[in-house]
Amino acid sequence: MRPSSVLPLAVVAVFLTQPLHGQNPIHVAPNAPRDRTLAMDSCILTAAEKAIAPLTIEAKVTYPGAKARFQKGLPPKHSLFVVTHLRDSLGKFERVFIAVDSIRDSVGGSARIFGRIWNQITLVRGYRLYQAYALPEAELLDWLISRPDGSEEGNLIGNFLDRWQPPPACLRIKPPSNPHLELSGA
């Protein structure tokens, strides 16, 4: 093979292994709603997961429309985010936003979403803010489009959790399993 024909093959090979960037840079308006971290024990987590299950289904049903708009090109300063769970080797998981750079359909399988982690990571190990991350569309929990005026479209789970209150049974103070232990900060 002649050297001049190797270069085009190398360029094609590199291009095919990289995600296509659809939105760069990501824009989030300064007055956009702020995320809040919710610490959840097992009771609250179980109740929250049960409460948001229908919203996840609705988000998956409405996502193809948002995906189509993204692939056609969102207006300036509009950014698409998806929500997924990051899991670590200890079995912990954390719900995070992924700023979408591209979405690639695959032959005979689920499309893959390529982007960057858009949250400070507080619980799981091995991930960091702005880290490149790819996920199959099947792992999408929610989506949102951030607009330049600070408003959002989508974000069903986030909007719900902003006003959700855990069930009273989860908020009762439980005595320690060992009666000789004291609760700190009580």
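In the set (1) buried (at least 17 other Cβ atoms within 10 Å of the Cβ); (2) at pLDDT 95 or above, the condition left unmet by A132 is number (1). Apart from one condition, G115 fits all of (1) assigned to a loop (DSSP other than H, G, I, E, B); (2) within 20 Å of I157 (Cβ to Cβ); the exception is (1).
Residue-wise test of (1) under 23 Å from H27 (Cα atoms); (2) of a type in the set (S, T, N, Q); (3) without any contact (Cβ under 8 Å) to a residue 12 or more places away in the chain.
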residue: G73; (1), (2), (3): yes, no, no
residue: P76; (1), (2), (3): yes, no, no
residue: V82; (1), (2), (3): yes, no, no
residue: H85; (1), (2), (3): yes, no, no
residue: F97; (1), (2), (3): yes, no, no
residue: V107; (1), (2), (3): no, no, yes
residue: L123; (1), (2), (3): no, no, no
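Determine whether S110 is over 25 Å from C43 (Cβ atoms) and in a loop (DSSP other than H, G, I, E, B). Here the answer is yes, as S110 does meet what is asked.
Residue check: is L55 closer than 20 Å to P148 by Cα, in contact with a helix residue (DSSP H, G or I) (Cβ under 6 Å, 6 or more places away or on another chain), surrounded by 13 or more Cβ atoms within 10 Å (Cβ to Cβ) and in contact (Cβ under 8 Å) with a residue 12 or more places away in the chain? No, not satisfied.
Is it fair to say V61 is surrounded by fewer than 11 Cβ atoms within 10 Å (Cβ to Cβ) and modelled with pLDDT of 85 or more? Yes: the conditions hold for V61.
The values are calculated or read from the model by the stated rules, or taken from the named source; none is laboratory data. Keep in mind it's a predicted model, so treat the numbers as computed, not measured. Backbone-built Cβ (ideal geometry, glycine too); neighbour counts: all protein chains shown.
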